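Following: one structure in structure tokens, then a few remarks.
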Amino acid sequence: MNKKNIILILSLMCGMALATTASAQNNLVLREDNIEEILKAMTNEEKVSLLVGGPGSLVPGAAGYTREIERLGIPMTVLADGPAGLRIQPKREGTDQTFYCTGFPTSTLLASSWDPELVETVTTAMGNEVLEYGVDVLLAPGMNLHRNPLCGRNFEYYSEDPLLSGKMAAAYIRGVQKNGVGTSAKHFAANNQETNRLENDARVSNRALRELYLKNFEIAVKEGKPWTVMSSYNKLNGECTQQKHGLLTTVLRDEWGFDGIVMTDWGVKDGTVKSAKAGNDLMEPGRQVEIDRLLAAVNEGTINQEELDRNVRRMLQYIVKTPHFKGYKFSNKPDLKAHAVVARKAAEESIILLRNENNTLPLKGSEKVALYGLTSVDFFGIGTGSGEVNSKHIVNMQEAMTEAGFTLDENLAEFYRTCYATQSATEKMEGSAIDKRHRLEPIVSVKAIERQAKDNDVAVVVLGRIAGEGADRAVKDDFELTTIERELLQNISMSYHKAGKKVVVVLNIVGVIETASWRHLVDAIVLPWAPGQEGAHAVADILKGKVNPSGKLPMTFPINYMDMPSSQNFPYHWDMTKGRKGERPNVDYTDYTEDIWVGYRYFQTNNVEVSYPFGYGLSYTSFSYSKPNVKAEKDGFTATITVTNTGKMAGREVVELYVSAPSGGLKKPSRELKSFAKTKLLAPGESETLTMKVSAYELASFNEMHSAWETAAGNYQVLFGASVDDIRATASFHLNKSQSWEVHDVLGNPNE
Ligand code: BGC
């Protein structure tokens with residue numbers, strides 16, 4: 001072959017190779033196994049666009065989207081709120097079809113079940129709606145701690161205790177994600193108030209962060225493995241959480257092993273570049289200015305290629321898991337009927353009985369009931385804001401009581417229906433969005449109450465509180481009863497008791513209220529919180545004894561608001577109508593001066609009296625606890641205890657395992673929840689042995705001086721309680737050798 005021919009053949013081969021590459025490039029589309037190849041093929045413009053959310057219309061009412069890159073087969077993905085169910089628009093233009101979602105019980109009620117398995121069942125159904133309505137990630141669970149009862153979003157969160165909160169969130173995540181859709185554990189971190197929520201600087205000690213405000217996320221991330229985490233709006237020790245490398249990378253990924261994406265809460269902040277470098281992969285809802293900033297930073301080298309690729313790689317790893325990427329053909333027709341059953345059952349298993357003097361409850365079911373309170377008609381299934389679900393119907397107490405077989409005082413029922421209709425009509429006429437917070441409890445005259453007390457067998461009074469995103473609650477007329485409510489209770493109490501009849505209160509509230517000053521007026525109190533669209537049915541079934549209540553408080557009910565240590569610095573007198581600043585302290589920052597002394601950790605250790613303690617809840621039956629057995633293991637201990645139903649009705653009992661650490665070293669709460677378990681439904685006389693495991697790491701406290709978790713050697717008391725204040729059995733556990741786990745000191749200091 002001569003030289004000319006060889007050159008010709010070589011150039012032909014070369015041409016063929018080039019053509020093949022070009023066509024491969026043209027056909028290069030994202031697959032689960034070619035993420036690195038896709039990364040190489042992406043331009044920096046494309047990469048940056050994947051880190052910033054964008055507009056979309058795939059699912060009306062969804063909160064956000066990730067951007068599509070058609071050339072590389074990278075689909076748009078859809079993000080929508082939670083946590084009490086999927087939040088999308090129920091109606092769409094051009095079709096009569098509806099897109100309602102199930103309003104499940106709110107997170108605080110789910111936590112009151114103390115039953116992770118139940119939570120997982122609920123969110124398995126919820127996740128199915130996410131999948132079938134074409135959404136890829138549910139923006140939930142909300143899991144900030146109940147640091148203070150006035151936080152307007154507490155109903156979206158679980159508890160004042162990080163273990164209970166973390167276990168509930170982990171179960172929530174597992175349930176939703178079983179459906180092949182994602183979750184977003186939010187809001188990371190120390191996002192415990194709504195006042196000035198976009199800017200407030202939470203100034204928290206490392207110990208309180210590690211033991212409380214991060215602990216629940218640590219459990220949820222390790223045990224639930226959420227696809228995504230949402231960084232919060234607020235600052236933490238002077239730096240935006242979404243820009244805090246120590247939080248988003250060192251702690252979240254390096255220490256806890258999180259391998260999903262971090263997305264911002266919804267809004268543009270200065271410092272997009274810092275966010276991306278800190279490990280915040282996705283900016284939501286996403287604006288052009290963020291793309292511009294990131295691109296400029298890439299071009300200038302402020303973000304290096306490795307950092308850019310790291311975030312993009314994580315986005316691609318997320319995308320290949322989504323139903324949109326997998327081409328799932330969603331039906332837009334989840335089984336709402338079946339899910340309503342799940343929602344109702346969940347409420348039944350979680351509602352708390354706070355008071356039951358002389359076995360007032362259960363009622364017989366055949367009584368004539370005088371049902372009081374505007375909330376008996378305008379029942380709050382969920383709170384307001386992004387956590388509200390568009391369900392087709394929220395069953396109210398009038399409907400539920402009637403369906404349960406009670407006979408309602410029809411005149412009274414009609415009175416409340418008319419009041420509600422009038423107030424709603426006025427709100428509509430004034431053009432304001434219906435503000436449920438400002439509904440007025442109608443006055444019922446003493447004379448009318450006296451007549452009703454004669455005509456009826458029992459009074460059931462529904463008291464309501466609603467709140468939500470964007471505003472914290474107030475002490476006056478919210479945490480505390482209004483004058484009208486107080487008078488109503490007093491008058492009902494007087495007239496009904498005079499007539500030899502009982503008074504029952506149902507608390508349809510989204511957060512803790514004051515109970516100590518009025519509970520003696522009434523015979524029974526049922527606490528369903530905001531129990532979702534079917535929750536009123538569950539209340540009625542509990543009133544008539546079809547269901548035996550087994551919920552327990554996931555937080556403390558203090559006697560007075562100011563008894564809560566965080567009340568010293570929580571911005572409780574914020575008046576939303578008077579502008580944003582200058583009204584009171586703690587607008588720009590909140591000093592968490594109570595440190596780790598939140599909730600029962602404070603009340604129990606300092607012997608401060610409360611209205612209802614953490615973990616409290618009554619039943620229609622009684623339980624006995626056996627002598628427990630605590631066995632030392634290679635790592636920590638295993639505890640077993642047998643619970644027997646000693647009463648006359650089938651029921652379930654939650655056993656709470658608290659530990660008192662040996663003295664010396666760090667000052668610790670007198671007891672801390674370390675595990676819990678709930679029995680199955682036990683028939684009268686039936687027993688069940690519960691097993692709880694606690695590891696040495698779970699016993700540790702955080703020593704700031706050493707930046708380490710430390711478990712001291714010595715004798716640990718293991719307490720088995722029906723509440724934090726009702727210890728039924730004790731045992732001890734000896735740890736021979738102290739143990740410690742060093743971590744990074746990267747969270748900043750409140751005094752800096
Ligand atoms: C809320 C988030 C929510 C997001 C999207 C934000 O304002 O804080 O909880 O997921 O909006 O709706």
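Every read-out reported here was derived from the displayed coordinates using simple, explicitly stated rules and does not represent laboratory data. Small disclaimer: the values here were computed from a predicted structure and weren't measured. Glycine also receives a Cβ, built like all others from the backbone with ideal geometry; neighbour counts cover every protein chain displayed.
With charges only on Cβ, +1 for K and R and -1 for D and E, what is the dipole size of the stretch 128-213 about its Cα centre, in debye, rounded to 20? Provide the component values of the computation, followed by the final result.
Values: 10 positive and 10 negative charges, 63 e Å.
Charge dipole of the stretch 128-213: 300 debye, to the nearest 20.
Going by how many other beta carbons lie within 10 Å of each one, how would you line up Arg486, Arg519, Arg293, fewest first?
Arg486, Arg519, Arg293
To the nearest 10 degrees, how steep is helix 162-177 against the longest Cα principal axis of the chain, on a 0 to 90 scale?
Tilt of helix 162-177: around 60 degrees.
Please list, in order, the residues from the stretch 251-274 whose amide nitrogen is less than 18 Å from a point placed 7 Å along the Cα→Cβ vector of Tyr697.
Only 251-260 pass the distance filter.
Taking neighbour counts of Cβ atoms within 10 Å as a proxy for exposure, in what order, fewest first, do Phe188, Phe415 appear?
Phe415, Phe188
For the chain, what is the mean residue ellipticity at 222 nm derived from helices alone (per DSSP H run of n ≥ 4: -39500 (n - 2.57); sum divided by total residues; nearest 500 deg cm²/dmol)?
It lands at -8500 deg cm²/dmol.
Charges only on Cβ, +1 for Lys and Arg, -1 for Asp and Glu: so what's the dipole of the stretch 172-319 about the Cα centre, in debye to the nearest 20?
Charge dipole, the stretch 172-319, about its Cα centre: 420 debye, nearest 20.
For a quick protection proxy, order the peptides 259-269, 655-665 by their average other-Cβ count within 10 Å, most packed first.
With the highest mean Cβ count within 10 Å placed first, the list reads 259-269, 655-665.
Once Lys and Arg get +1 and Asp and Glu get -1 on their Cβ, which of Ile484, Gln452, Ile525 lies farthest toward the positive end of the dipole of the stretch 426-525?
Value: Gln452.
Any aspartates and glutamates with Cα under 18 Å of the Lys680 Cα? List them, leaving off those in the same chain fewer than 8 positions away.
Hits, sequence-local ones excluded: Asp115, Glu117, Glu120, Glu348, Glu349, Glu653, Glu656, Glu688.
Could you state the angle between the C-alpha long axis of helix 116-132 and the longest principal axis of the C-alpha atoms of the chain, as a value from 0 to 90 degrees rounded to the nearest 10?
The angle comes out at about 50 degrees.
Where does helix 483-498 land angle-wise versus the long Cα axis of the chain, in degrees 0 to 90, nearest 10?
The angle comes out at about 40 degrees.
Quick one: compute the contact order of the chain, relative version, from alpha carbon pairs under 8 angstrom and 6+ residues apart, as a percent. Write down the numbers at each step before the final one.
Details: 1801 pairs, mean separation 107.9, N = 752.
Contact order relative to length: 14 percent.
Quick one: what are the phi-derived ³J(HN,Hα) couplings along the stretch 252-259, Karplus 6.51/-1.76/1.60 with θ = phi - 60°, whole Hz, x for glycine and proline?
5, 9, 5, 7, 9, x, 5, 10
Fewest first, what order do Cys101, Cys419, Cys151 take by the number of other Cβ atoms within 10 Å?
Ascending number of Cβ neighbours within 10 Å: Cys419, Cys151, Cys101.
Rounded to the nearest 20 debye, what is the charge dipole size of the chain about its Cα centre when +1 sits on each Lys and Arg Cβ and -1 on each Asp and Glu Cβ?
With Lys and Arg at +1 and Asp and Glu at -1, about 1040 debye.
Placing +1 on the Cβ of each Lys and Arg and -1 on the Cβ of each Asp and Glu in the chain, which of Leu72, Val461, Val743 has its Cα farthest towards the positive end of the resulting dipole?
Result: Leu72, furthest along the dipole toward the positive end.
Which one of Val539, Leu354, Tyr233 is farthest out on the positive end of the charge dipole of the chain, using unit charges on Cβ (Lys, Arg +1; Asp, Glu -1) and the Cα centre as origin?
So the residue furthest toward the plus end is Val539.
Give the percent of DSSP beta bridges with both residues in the chain that are antiparallel, rounded to the nearest 5. Intermediate results must be reported in sequence, preceding the final value.
Values: 59 of 97 bridges.
Of the beta bridges lying entirely in the chain, close to 60 percent run antiparallel.
Kindly identify the chain as rounded, prolate or oblate by the Cα gyration tensor criterion: order the square roots of the eigenvalues as a ≥ b ≥ c, call it rounded if a/c is under 1.5, otherwise compare a/b with b/c, prolate if a/b is larger, else oblate.
Prolate shape, in that a/c is at least 1.5 and a/b is the bigger ratio.
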